[in-house]
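Reading through the structure tokens given below for one structure.
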């Protein structure tokens, strides 16, 4: 009965509604990386959950601030003494209040994920239960934040408390977030960054949080929530001090568990990134439909490459999340295809898939994806054209940009084609060496002095 | 003089002013080596959010019975908050080597003050901090795709010449100041 009144009369509905409206408004009104490759939030349920954790950088201060406003209610309405005369213990009321505020804040967060789930289903994305730990840790963080807000609001019922606490949470959240976001900003990675619930951008649709991150954050936020509740319910200074124990214990357990470097934050998703193979060709379970499409053109392309010395014998999907600052991994025996970043490849037909395998004679660019280069893409286009006999734009990221300055590449292709066949073969072998070691100019290897 | 002291006390001005100075100094101290438009925005938001707690009295009905020209006093209170928040940021950034354009600070201070006042008008002075903090919290995570929407949403971080950002800030400031000056905080 009291719980129902608290659900209706406290700030709880507004807290949940604020989380829901802010998150959905942000996701739907603005276009950002959450709508784009390599990690659209509609492609995979785990990615949806990871984007939700990214949003916590500003949703968490809302939950904490709402809790603080509610925590001050008794003293603002001048009824603390009246409540002290009741014969029931303080925690009876605290349970109802904390339950109402925590539950509706959590519900708001969960509804955002629900909308994401509907979007994933509507876009034909990949659904698996692996999102559960990511969402549950987020829920626990929202509940812990609102309970800490309640406790602080009750302890310090001053008009300044709520804004000061919300500002402080926001500053801490942003600092923690920048330490996890990696190369985007100059802050170094720190384990303390994981004490706030927000994660950096996922940058890949086949990743999830590492088990150590989930475990440590579960312990830490559980400790924080218990402390928030105990301080809210306690009536003596001693009980409040004792109530701080869980959060200290949580931090002491969580900090050593957290990964030591930023590289340990995200791991391949156990279900979506599982390899599905058909002979020499392997793709992830999330892109299983590509396996049938890749079967014939993939084998054709491997047969064409086979005349090169040390030719690749397998085709595998690139599973790691995208990095803006380092070049893709390379392997002499394996051709890596990146279905996450290259949307054209994900919907491409047999010709395009064959072209993608043949590009660069089976090797990726030596440049990070954010830096396009005519020499680099041009050389890989010409290497593919050497096998197919026709110069075509590669089905990969940045190809449209190169298409606009295709003049020099066509010139280089014409020069290359006029060479005797043995020379052409030797140059393609040399190009493979250049792309494997990433030393030297790739286009210069094929056609010396082609672009100056 | 006695009236001003009583007014200041009833509107929590001493606490708000102390908190404004503490928030400005605190955020500046954290960000002094990487001072740019994001720390400026955070500093102004923190300062204005804590200063906005006094934007409604203890008893608006009682205020109304006093035969005083309230609009002038309300406007003076707003102007004081804006000048204090903007002035504090301008002052602290002179202590370091990096400075942000004064027009950005003026624009952001005016717009954030307008947001705080709008929230105070709609929900009461104790909620004045909610809107500026909410908007500032979202701003750093908006991706600039060149569209007008993204420029309006991220107006606090636009460069100083951006007309969209200036107009957004101006609209917020004028709307907020006008409604609060005329009607005061929510009862």
Of all residues being away from chain B (no Cβ under 14 Å) and not in a helix (DSSP H, G or I) in the range A:203-224, which is farthest from residue A:57 (Cα to Cα)? Just the residue, please. A:206
Is one or more of the residues making up the range A:86-105 within 13 Å of another protein chain (Cβ to nearest Cβ) and surrounded by fewer than 15 Cβ atoms within 10 Å (Cβ to Cβ)? no
May I ask you to say which residue of B:111, B:185, B:146, B:128 is within 22 Å of residue A:28 (Cβ to Cβ) and either buried (at least 20 other Cβ atoms within 10 Å of the Cβ) or within 14 Å of chain A (Cβ to nearest Cβ) (or both)? B:146
Residues of the range B:150-187 being part of a loop (DSSP other than H, G, I, E, B) and more than 14 Å from residue B:122 (Cβ to Cβ), in sequence order, are B:154, B:158, B:159, B:160, B:161, B:162
Of everything in the range A:178-191 that's within 14 Å of chain B (Cβ to nearest Cβ) and part of a helix (DSSP H, G or I), which residue is modelled with the lowest pLDDT? A:184
Looking only at the range A:117-147, count every residue that is in a helix (DSSP H, G or I), in contact (Cβ under 8 Å) with a residue 60 or more places away in the chain and over 25 Å from residue A:25 (Cβ atoms) and tell me the total. 4
Pick out, from the range B:1-73, the helices (runs of 4 or more DSSP H) lying fully within it that include 3 or more residues that are more than 10 Å from chain A (Cβ to nearest Cβ) and touching a helix residue (DSSP H, G or I) at 6+ places or on another chain (Cβ under 7 Å). B:13-31, B:37-51
Residue under question is residue B:99, and the condition is that it be part of a loop (DSSP other than H, G, I, E, B), more than 13 Å from every other protein chain (Cβ to nearest Cβ) and in contact (Cβ under 8 Å) with a residue 40 or more places away in the chain; does it hold? yes
Please enumerate the residues belonging to the range A:347-377 that are in contact (Cβ under 8 Å) with a residue 60 or more places away in the chain, under 27 Å from residue A:295 (Cα atoms) and either assigned to a helix (DSSP H, G or I) or over 29 Å from the mean Cα position of the chain (by Cα) (or both). A:353, A:357, A:360, A:361, A:362
Scan A:50, A:3, A:29 and give me the residue that is surrounded by fewer than 18 Cβ atoms within 10 Å (Cβ to Cβ), away from every other protein chain (no Cβ under 13 Å) and more than 23 Å from residue A:159 (Cα to Cα). A:3
Among the residues of the range B:35-52, is there at least one that is more than 21 Å from residue A:174 (Cα to Cα) and under 20 Å from the mean Cα position of the chain (by Cα)? yes
Hey, residue B:139 farther than 13 Å from residue B:48 by Cα, out of contact with any strand residue (DSSP E or B) (no Cβ under 6 Å at 6 or more places or on another chain), in contact (Cβ under 8 Å) with a residue 60 or more places away in the chain and away from chain A (no Cβ under 14 Å) or not: no
Selection within the range A:269-281 - out of contact with any strand residue (DSSP E or B) (no Cβ under 6 Å at 6 or more places or on another chain) and touching a residue at least 24 places away in the same chain (Cβ under 8 Å): A:270, A:271
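The values are calculated or read from the model by the stated rules, or taken from the named source; none is laboratory data. Computed from a predicted structure; not experimentally measured. Cβ atoms come from the backbone with ideal geometry, glycine included; neighbour counts cover every protein chain shown.
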